[in-house]
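Reading through the structure tokens given below for one structure.
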Amino acid sequence: MTKSNRFNHLKSSRFSRTTSSASTCSSSTSSANSSATGVENPTDVSTPLENGSLYSLKQLGWNPFFQQQLLIETKQYATVARVCAHHRSQYQLLTENGESTLAIHQNMPEMTVGDWLLLDSQQHFVCVLERSALFSRKAAGSKVEQQLIAANLDWVFIVSSLNDDFNINRIERYLALVHEAKVTPVIVLTKVDLCDDLTPYIAALRELDSSLLIETVNGLDEKSTQALSSYCADGKTVAFIGSSGVGKSTLVNALLGDSSQLTSGVRQDDSKGRHTTTSRSLHLTHCGGLLLDTPGMRELQLVDCEEGLKETFADLVEYAQQCRFIDCQHEQEPGCAVQGAIESGQLTERRLQSYQKLMREQALNGASIAEKRAKDRNLSKMYKRVQGEARVHKRG
């Protein structure tokens, strides 16, 4: 089985088995979840396997935020679908009636895994619903464009292993992206069985945010991974992000209850991992939640992420608001509260440098993308003008 087709083997029988077993896994929490979310069932949304369907919309992540949009939607539609995989020429969709595909056309808006779509009676694209959350980054390499990663998430597991891969600066980057997307992050530290002392790792994370949700797991131990199952409640969507080799695919396998994701080892010389996942896709778990695995991202550049950075560095921003000068650069200006906090040990110089670096990066990338968009618009106008002049000349 090739990695790029790892979702294809999860056929209808797999999903049918998943949804039926979900009722057993979530029986103790289903009533609490339904009362907490308040999901209504005007179109048999919350009743699984009804009328021969393989899933209910609620199992696929449907909630009142999207249901409300249908009440004001004026376009004609016949089917609600969710994007579960994005291939080069088509999207793979999940509906109440099973799997389907949607060919990608130029006139479609950019979409990503997790998006909710409306289709007509011919299964043609009608529109994409407003997103409750959008996770994106600057495209890797020299491309000047923004890359959508996932939409409509409830949790994001930021996965880091308890070895040389643990990098607090990288975690700050992930946190900024997740906060910008308005999703709740959970730090998942893997390979706890290989770590003799958790204290320095936990302490480093608590310095970032004392209220951070932190879970330590051994992906190969079923009891250890049960702590993550509570996040994968009925219809909740969880994304995994982290560099290669930290154990994301192992965790996905544990939460799915099978080995649908291939796993790869880690180089012993530098603890760097090999890519296992090569494309993003949604998976239904035996507990009724949905998992989104992402390729290991070695290059993670920020763009238009100022609010996410301010939330990630909330402690530093609070001190900056106390500086004497509004435009304080937190270097040697008199009355700089940030430098005062560093001198007193309440902040670290590393944290200030990390914040300033990421703020510069997101501003530069944002300006580059805005400039590219402006050039593209001007180029499009020029093409239309030339085509119009050519038609006039041809008539004349």
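The values are calculated or read from the model by the stated rules, or taken from the named source; none is laboratory data. This one's a predicted model, so the numbers in the text were calculated from it and none came from an experiment. All Cβ positions, even for glycine, are placed from backbone atoms using ideal geometry, and neighbour counts span all protein chains on display. Heads up: the accessible areas ignore ligands, DNA and RNA and are worked out on the full protein's heavy atoms, side chains in. Shrake-Rupley method; radii C 1.70, N 1.55, O 1.52, S 1.80 Å.
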| query | Between rounded, prolate and oblate, where does segment 71-199 land on the alpha carbon gyration tensor, with a ≥ b ≥ c its root eigenvalues, rounded for a/c under 1.5, else prolate if a/b exceeds b/c? | reply | prolate
| task | Taking 7 Å along the Cα-to-C-beta vector as the label spot, tell me the residue 360-residue 106 distance in nanometres, rounded to one decimal. | result | 4.1 nm
| task | Would you mind putting 149-157, 280-288, 178-186 in packing order, based on average other-beta-carbon counts within 10 Å, highest first? | result | 149-157, 280-288, 178-186
| query | Got a number for the accessible area of residue 110? Probe 1.4 Å, square angstrom, nearest 10. | reply | 110 Å²
| said: Run the simple label-point estimate for residue 88 and residue 333 please: 7 Å along Cα→C-beta, distance reported in nm. | reply: 5.1 nm
| query | How would you classify segment 289-364 from its alpha-carbon gyration tensor, with a ≥ b ≥ c the square roots of the eigenvalues: rounded for a/c under 1.5, else prolate if a/b is greater than b/c, otherwise oblate? | reply | prolate
| query | So which of 191/248; 248/310; 191/236; 310/357 end up more than 20 Å apart, counting from Cα to Cα? | reply | 248/310; 191/236
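Using a Förster radius of 45 Å, what is the FRET efficiency between residue 76 and residue 311 based on their Cβ-Cβ separation? Nearest 0.05, please.
Once the sixth-power term is evaluated, E becomes 0.65.
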| said: Calculate the FRET efficiency for residue 318 and residue 121 from the Cβ-Cβ distance with a Förster distance of 41 Å, rounded to the nearest 0.05. | reply: 0.15
